[in-house]
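Participant: Just passing along the structure, written as structure tokens.
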Amino acid sequence: MPIDPTLIAQAAQHLLRGGLVAFPTETVYGLGADAGNGQAVAAIYATKRRPAINPLICHVPDLPAARALADFSPLAERLAAAFWPGPLTLVLPLRPGAGIHPLVTAGLTTIALRCPAHPDAQALLRAVGRPIAAPSANPSGQLSSTRFSHVQRAFSDQPNIVILPDSQSPLGLESTIVDGCGDTPRLLREGAIAREELQELLGGTLLGASAQPPSSATGKATLKAPGMMRRHYAPRKPLRLNAHDVRPDEALLAFGANPIAGAAHSLNLSDTGNLLEAAANFYAMLHQLDNTAAASIAVMPLPNHGLGRALNDRLARAIAED
Ligand code: TXA
Ligand code: MG
């Protein structure tokens, strides 16, 4: 069902007055502010309790709007042509004078750009007529939000945030981030576009980011690699990964046709072993299990290909230490 245009118009007005708007995208909810308004962008960091050294993604409605903000190499043009609108974020050289507040890029000379496909995100971007800086709509380090209710719960003490309703089921996993500044593209964050899809387009010339959280020695030094804060995407309850059994006080996040039996609370990411379905269910099921009486959550092994790589990356970060 298309969103009521009045809601979009009100949300756009709120953004133009410096307010924050949580809006659905085809990946996860974003917490948006006018990217040219320093106070509004500062409010994002404060609301999420996000370290100000971790830059935000800037959302635009189309390629021409993106070209106004960053220098597109032929490689970046190819990636955008293939995957936009859609869940690909491109890190590119920021154009001087683009009107992006330096807090958005955390003072970097590059900017992360994303052109979302979700019709409501598109409608909002067109109504505002300005780039919207938006990280995922969750307190820093915690589970991303894929539903209206997740955002509402996460920011229940922030009545000034306008939250748009959810209207279509999201892919459920954040965008894939590619650094397109150099001659060879680098995968900075695994995400909703699988590495294999990128490699098919690029013919194998893709530098990698580790699927494991970086060690504490490199974690801070390599902030160029995004989503690479060591501990991230974490539920409140402890997780136990690659579980082949379930303990008495554990809830179970299962995968595939043979879920482990016996858990008091058990949810299956995909009983047919479909990774697309698993990605779509991932955050919502973790939110649900996090709200049960279980002491912790056991997670069955997930295959490490396609979207499974991105899911395993999120799980590894969820159990990493700060
Ligand atoms: O699917 C998504 O990407 C969602 C929706 C709302 O668009 N957004 C999202 O934002 O996941 P966030 O803030 O949770 O993750 C953005 C990542 C961060 O890890 C940040 O470090 C990285 O993008 N990033 C932003 N600007 C960057 C830059 N100039 N260079 C490298 N990394 C950057
Ligand atoms: Mg996030």
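Participant: Given R₀ = 30 Å, what would the calculated FRET efficiency be for A98 paired with A42, taking r from the Cβ atoms and rounding to 0.05?
Facilitator: It comes to 0.95.
Participant: For the chain, take the longest principal axis of its alpha carbons; what is the angle in degrees between that and the long axis of helix 119-128, to the nearest 10 within 0 to 90?
Facilitator: 30 degrees
Participant: While we're here: Would you rank T292, T272, T146 by solvent-accessible area, highest first, keeping every protein chain in place and using a 1.4 Å probe?
Facilitator: My answer, sorted largest first, is T272, T292, T146.
Participant: Whenever you get a sec, line up S266, S145 from highest to lowest accessible area (probe 1.4 Å, protein heavy atoms).
Facilitator: Largest accessible area first, the residues go S266, S145.
Participant: If you don't mind, there's one more thing I want to ask. Give me the percent of the accessible area of the chain that comes from carbon and sulfur atoms, probe 1.4 Å, all protein chains in place.
Facilitator: Exposed carbon and sulfur together represent 54 percent of the surface.
Participant: Kindly express, to the nearest 10 degrees and within the range 0 to 90, the angle between helix 307-319's C-alpha long axis and the longest C-alpha principal axis of the chain.
Facilitator: Once rounded, one gets 80 degrees.
Participant: Now a separate question. Starting with the highest mean, order 166-177, 295-306, 53-64 by the number of other Cβ atoms within 10 Å, averaged over the residues of each peptide.
Facilitator: Descending packing order for the listed peptides: 166-177, 53-64, 295-306.
Participant: Moving to a separate point now. With a/c under 1.5 counting as rounded, go ahead and sort the range 1-121 into rounded, prolate or oblate using the C-alpha gyration tensor (a ≥ b ≥ c being the square roots of the eigenvalues; past the cut-off, prolate if a/b is larger than b/c, else oblate).
Facilitator: Oblate shape, in that a/c is at least 1.5 and b/c is the bigger or equal ratio.
Participant: Another question, then. Under the rule that an exposed site lies in a DSSP loop and has at most 11 other Cβ atoms within 10 Å, name the longest stretch of the chain with no trypsin sites (Lys or Arg not before Pro) of that kind, not counting the sites themselves.
Facilitator: That would be 50-235.
Participant: Counting Lys +1, Arg +1, Asp -1, Glu -1, what net charge surrounds I260 among other residues with beta carbon under 14 Å of its beta carbon?
Facilitator: Counting the neighbours of I260, the net charge comes to -1.
Participant: Where a ≥ b ≥ c are the square roots of the eigenvalues of the C-alpha gyration tensor, would you call the range 5-202 rounded, which needs a/c under 1.5, or, failing that, prolate if a/b is larger than b/c, or oblate?
Facilitator: prolate
Participant: Between E77 and Q13, what's the calculated FRET efficiency when r is the beta-carbon distance and R0 is 35 Å? Round to 0.05.
Facilitator: 0.55
Participant: Based solely on its DSSP helices, what 222 nm [θ] is calculated for the chain when runs of n ≥ 4 H residues each add -39,500 (n - 2.57) and the sum is averaged over all residues, nearest 500 deg cm²/dmol? Could you put the intermediate results ahead of the total?
Facilitator: Details: 10 runs with 96 residues, N = 322.
It comes out at -8500 deg cm²/dmol, rounded to the nearest 500.
Participant: May I ask you to compute the full-extension gain from N291 to Q199, defined as 0.36 nm times their residue separation minus their alpha-carbon distance, rounded to one decimal in nm?
Facilitator: Values: separation 92, 0.36 × 92 = 33.12 nm, distance 3.84 nm.
Once the chain is fully extended between N291 and Q199, it gains 29.3 nm.
Participant: Placing +1 at every Lys and Arg Cβ and -1 at every Asp and Glu Cβ, with all other atoms neutral, what dipole size does the chain have around its Cα centre, in debye to the nearest 20?
Facilitator: 820 debye
The values are calculated or read from the model by the stated rules, or taken from the named source; none is laboratory data. From a predicted model like this one, the values you see are computed outputs, not experimental measurements. Here Cβ is always computed from backbone atoms with ideal geometry, including for glycine, and neighbour counts include all displayed protein chains. When the accessible area is computed, the model is the full protein with side chains, heavy atoms only, and any ligands, DNA or RNA have been set aside. Shrake-Rupley method; radii C 1.70, N 1.55, O 1.52, S 1.80 Å.
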